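K.L.:
I'd like to ask some things about the structure below.
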Amino acid sequence: MEEQKSVQRNLALQRQWYGEPLGDRVRRLVVAFRISQAQLADVLGISAPMLSQVMSGRRAKIGNPQVLARLVMLERKVLIPGVAAGDSEAMKHALEDVRNSQPSVGRDNLPVMQAAGEETAWPVLREVARPSELEAAASMIDGHYPALAGLLRRAANGDLT
């Protein structure tokens, strides 16, 4: 019973610190890149047991800021058109890029989104893709993910319409 309370507290802290439980974020990456949890741990630079503990809520946080930075980098790479389309070479390249990265992290440059509004995502999207690529990605996913397609189109156009 005490462990369950601890897990619930840790998951609540993750929602506060990271916007949602880390297990949800990690599972999306595992699905998007079609890799195992252990492979993702390797890419992030964390042990598989540690990643499992963070995902399950047995641990509240990712203690290494470089690991968190790599997690955010990988989340951003999901938006690259080739990765979004499921191209295996693009996914392999994205994973290797993150695995080999040595992100410099500090209070002023940790790549974490602000909760101010969706327009905070636009510069990130425009950094990884040209407006025409954002439009193309939106067209590809529109039937299954219309809200995400709309976000991509608004990022491409730079407006809220």
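The values are calculated or read from the model by the stated rules, or taken from the named source; none is laboratory data. Predicted model only: the values in this text are computed from it and were never measured. Glycine also receives a Cβ, built like all others from the backbone with ideal geometry; neighbour counts cover every protein chain displayed. Surface areas here come from the heavy atoms of the whole protein model, side chains and all, with no ligands, DNA or RNA. Shrake-Rupley method; radii C 1.70, N 1.55, O 1.52, S 1.80 Å.
K.L.:
Can you report the number of residues in the range 23-36 which are over 19 Å from R99 (Cα atoms) and within 11 Å of the chain's Cα centre (by Cα)?
P.N.:
1
K.L.:
Is at least one residue of the range 90-104 on the phi < 0 side of the Ramachandran plot, open to solvent by 60 Å² or more (accessible area, probe 1.4 Å) and modelled with pLDDT under 90?
P.N.:
yes
K.L.:
Anything in the range 46-55 that is touching a helix residue (DSSP H, G or I) at 6+ places or on another chain (Cβ under 8 Å) and either open to solvent by 50 Å² or more (accessible area, probe 1.4 Å) or under 30 Å from A149 (Cβ atoms) (or both)? List them, or say none.
P.N.:
Selection gives S47, M50, M55.
K.L.:
On to the next question. Assess whether Q39 counts as being surrounded by fewer than 19 Cβ atoms within 10 Å (Cβ to Cβ) and either over 11 Å from the mean Cα position of the chain (by Cα) or of a type outside the set (S, T, Y) (or both).
P.N.:
yes
K.L.:
Cβ-Cβ below 6 Å, separation at least six or inter-chain, first residue in the range 56-81 and within 20 Å of L11 (Cβ to Cβ) and open to solvent by less than 50 Å² (accessible area, probe 1.4 Å), second part of a helix (DSSP H, G or I) and not aliphatic (A, V, I, L, M): which pairs?
P.N.:
Note: pairs meeting the criteria are G57/N10; A60/N10.
K.L.:
For the range 131-161, give me each residue that is loosely packed, with under 13 Cβ neighbours inside 10 Å and either closer than 16 Å to K77 by Cα or of a type in the set (A, V, I, L, M, F, W, C) (or both).
P.N.:
Passing the criteria: A147, L160.
K.L.:
Hey, another quick one. Cβ contacts < 6 Å: first residue farther than 18 Å from L44 by Cα, restricted to the range 88-116; second residue at pLDDT below 75 and not aliphatic (A, V, I, L, M), any location; separation 6+ or different chain. Result?
P.N.:
M113/T120; Q114/T120
K.L.:
Can you report the number of residues in the range 5-27 which are open to solvent by 100 Å² or more (accessible area, probe 1.4 Å) and free of Cβ contacts under 8 Å to residues at least 12 places away in the same chain?
P.N.:
3
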